[in-house]
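Before any comments, here is the structure.
The values are calculated or read from the model by the stated rules, or taken from the named source; none is laboratory data. Source: prediction; values computed, not measured. Because the Cβ atoms are built from the backbone with ideal geometry, glycine has one as well, and the counts that use them run over all protein chains shown. Quick note on the areas: whole protein, heavy atoms, side chains included, nothing else; ligands and nucleic acids left out. Shrake-Rupley method; radii C 1.70, N 1.55, O 1.52, S 1.80 Å.
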Amino acid sequence: MNATTWKVTRTLLRRSLPLAGWYWTIIYLVWAVVVSLIARFGTVEASMWQNMGLQAPRWFTFVFGIVAMGTYLPMFVAQGVTRRDALIGSWGFLVPYALGFSTLTTVGFGIEYLAFDVFGLLDGLTEPYLVGSAGDAAAIWLEYSLVNLGYMAAGVLTAIVYHLLNPWWGTSLLPLALLPAFVVETAFRTEWTGFGFARMLGLDDEAHPGTGTVIALLTLLVVGAVTWLLVRRLPLKKISG
């Protein structure tokens with residue numbers, strides 16, 4: 001990463017970190033309020049974090065994939081940054097961003113487990129808690145890192161498709177652009193999308209983490225190569241004067 005790509009990465013981080021900070025602050029606070037109310041007036045029978053903290057972060061990374069490619073990449077190129085440097089700098093922002101989201105998701109499980117343990121709520125759960133050891137936490141982090149990266153890649157492709165083509169064609173090809181996210185989810189049999197697609201395709205419900213990891217990595221490599229080929233064709237012109 002050279003000085004130009006680092007400038008791209010730094011700019012994207014500076015513009016995006018405050019929004020991410022507000023998002024995670026709100027979602028942690030909402031979780032705390034919901035758990036407190038249920039524990040006070042009812043019975044906690046399942047992980048609230050599993051229901052609240054898994055779906056939204058994926059779509060957040062999807063949106064930032066769109067923003068980085070659809071809004072900022074043309075801006076950087078207009079300022080004289082090459083497509084190559086703009087793309088590398090954008091990936092330098094998007095990949096750590098997706099991994100950071102999966103880290104905070106995993107931390108949420110740890111906080112909830114400790115809270116349930118301290119207040120004696122673990123025994124009331126109808127199913128064993130999803131994250132009960134460091135090994136479980138590592139597996140969850142890896143799975144959702146790859147899932148978030150899949151959604152991020154889908155966002156990148158969505159922005160490129162709309163930029164290359166007119167809105168009608170872009171909308172028509174949206175299912176294809178979303179394919180990386182759905183492939184990774186299906187590979188890991190995630191709730192609820194992964195299980196749904198697996199059953200639609202006639203696959204078994206059981207998740208195979210090793211196979212899922214390989215499929216996810218191959219999918220991301222293919223998307224990375226396709227992204228580079230498409231970005232080279234983007235009709236971006238440097239603004240002068």
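Residues of segment 45-81 being small (G, A, S) and crowded, with 20+ Cβ neighbours inside 10 Å, which ones?
Narrowing segment 45-81 to residues small (G, A, S): 46-47, 53, 56, 65, 68, 70, 78, 80.
Within segment 45-81, S47, G53, G65, A68 qualify.
Say we look at segment 87-132 and pick out the residues that are of a type in the set (D, E) and touching a residue at least 40 places away in the same chain (Cβ under 8 Å); which of these is surrounded by the most Cβ atoms within 10 Å (Cβ to Cβ)? Before you say what the answer is, go through the steps one by one.
From segment 87-132, those of a type in the set (D, E) are 112, 117, 123, 127; that's our starting set.
Retained after the next criterion (residues that are touching a residue at least 40 places away in the same chain (Cβ under 8 Å)): 112, 127.
Numbers: E112: 24, E127: 9.
Ranking the qualifying residues of segment 87-132, first place goes to E112.
Under the condition of being in a loop (DSSP other than H, G, I, E, B) and open to solvent by less than 40 Å² (accessible area, probe 1.4 Å), which residue from segment 226-241 is modelled with the lowest pLDDT?
Our first condition is that a residue be in a loop (DSSP other than H, G, I, E, B); within segment 226-241, this holds for 232-241.
If we keep only those that are open to solvent by less than 40 Å² (accessible area, probe 1.4 Å) too, we end up with 234, 236.
Details: L234: 71, L236: 58.
Across segment 226-241, the extreme among qualifying residues is L236.
Given the residues V107, V161, V118, which is the only one that is within 17 Å of F62 (Cα to Cα) and out of contact with any Pro (no Cβ under 6 Å at 6 or more places or on another chain)? Give the steps one after another, and end with the answer.
Details: V107 fails: within 17 Å of F62 (Cα to Cα); V118 fails: within 17 Å of F62 (Cα to Cα).
Sole residue among the options that is within 17 Å of F62 (Cα to Cα) and out of contact with any Pro (no Cβ under 6 Å at 6 or more places or on another chain): V161.
Going by the structure shown, is P18 of a type outside the set (D, E), closer than 30 Å to L229 by Cβ, in a helix (DSSP H, G or I) and open to solvent by 40 Å² or more (accessible area, probe 1.4 Å)? Show your work before the answer.
Numbers: of a type outside the set (D, E): yes; closer than 30 Å to L229 by Cβ: no; in a helix (DSSP H, G or I): yes; open to solvent by 40 Å² or more (accessible area, probe 1.4 Å): yes.
Judged against the criteria, P18 is not a match.
Answer yes or no as to whether R84 is open to solvent by 40 Å² or more (accessible area, probe 1.4 Å) and of a type outside the set (A, V, I, L, M, F, W, C).
Working: open to solvent by 40 Å² or more (accessible area, probe 1.4 Å): yes; of a type outside the set (A, V, I, L, M, F, W, C): yes.
Yes; evaluated as a whole, the condition is true for this residue.
Being in contact with an Asp or Glu (Cβ under 8 Å, 6 or more places away or on another chain) and at pLDDT 75 or above is true for just one of F195, F182, F188. Which residue is that? Walk me through how you get there before you give the answer.
Values: F195 fails: at pLDDT 75 or above; F182 fails: in contact with an Asp or Glu (Cβ under 8 Å, 6 or more places away or on another chain).
Just one listed residue meets the conditions, F188.
Filter segment 166-190 for residues that are open to solvent by 60 Å² or more (accessible area, probe 1.4 Å) and part of a helix (DSSP H, G or I) and give the result.
So the first thing to find is which residues in segment 166-190 are open to solvent by 60 Å² or more (accessible area, probe 1.4 Å), and the list is 166-169, 171-172, 175-176, 179.
Residues satisfying the conditions are P167, W168, W169, T171, S172, P175, L176, L179.
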